[in-house]
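Mind having a look at this structure? Questions to follow.
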Amino acid sequence: MDYNYEQTPFSKSVFTGLFAGLATTLCCLVYDFIYRYNTGFTLSAIINVASIIFACNVILVVCGMLYQVFRKTIKGGGVVFIVLFTALSLFLLWKAAGVQRSPIESVSVQFRGLLMGVIAITGASISFLVPYLYHSKKFAEHVI
């Protein structure tokens with residue numbers, strides 16, 4: 001069967017965000033597993049498997065659509081998107097470095113490590129993976 005169809009920029013941005021979200025989810029889950037295994041950190045009702053799966057996918061799909069909006073509405077929107085989300089990621093990493101999750105300092109330090117890793121992975125995916133995949137001809141041809 002031949003499924004030739006015309007892909008719209010909107011569908012391309014949604015599928016790019018979805019694929020990036022799946023890749024980011026897997027990376028965050030691997031990081032979460034390795035981090036918890038190495039540190040023995042178990043206390044986190046905020047960052048768990050369910051929240052990683054849900055949040056990463058939703059955030060990346062929305063950012064995929066935002067990338068398309070930036071490209072269409074702002075001259076040089078792709079670059080603006082990359083700079084904006086890189087700056088936002090760095091800001092969130094800076095703020096996460098000061099999070100006090102528990103009165104026990106070692107628990108707060110471990111939580112910060114987990115939170116900052118998830119933020120770094122997600123931020124890198126938004127800032128670099130979404131634009132790269134959006135413009136990749138091989139990705140569009142073989143995946144989308």
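With springs only between Cα atoms under 10 Å apart, run a GNM on the chain and tell me which of Phe15, Phe54, Phe81 wobbles the most.
Phe54
Between Gly123, Gly98, Gly64, where does the largest GNM mean-square fluctuation fall for the chain, given springs only between Cα atoms within less than 10 Å?
Result for the chain, Cα springs under 10 Å: Gly98 fluctuates most.
Also, I was wondering about something else. To make sure I understand the rule: partners must be lysines, Cα under 18 Å from the Cα of Lys137, and not fewer than 8 residues away in the same chain. Which ones qualify?
By straight Cα distance, Lys137 reaches Lys12.
Sticking with this one: Arg112 accessible area, nearest 10 Å², 1.4 Å probe?
We get 40 Å² for Arg112.
With a 1.4 Å probe and all protein chains left in place, how much accessible area per residue does region 40-96 have, in Å²?
Each residue of region 40-96 exposes 59 Å² on average to a 1.4 Å probe.
Related question: How many percent of the accessible area of region 30-144 is carbon or sulfur, using a 1.4 Å probe?
73 percent
The values are calculated or read from the model by the stated rules, or taken from the named source; none is laboratory data. Model, not experiment: these values are computed from the prediction. SASA here: full protein model, heavy atoms, side chains in, ligands and nucleic acids out. Shrake-Rupley method; radii C 1.70, N 1.55, O 1.52, S 1.80 Å.
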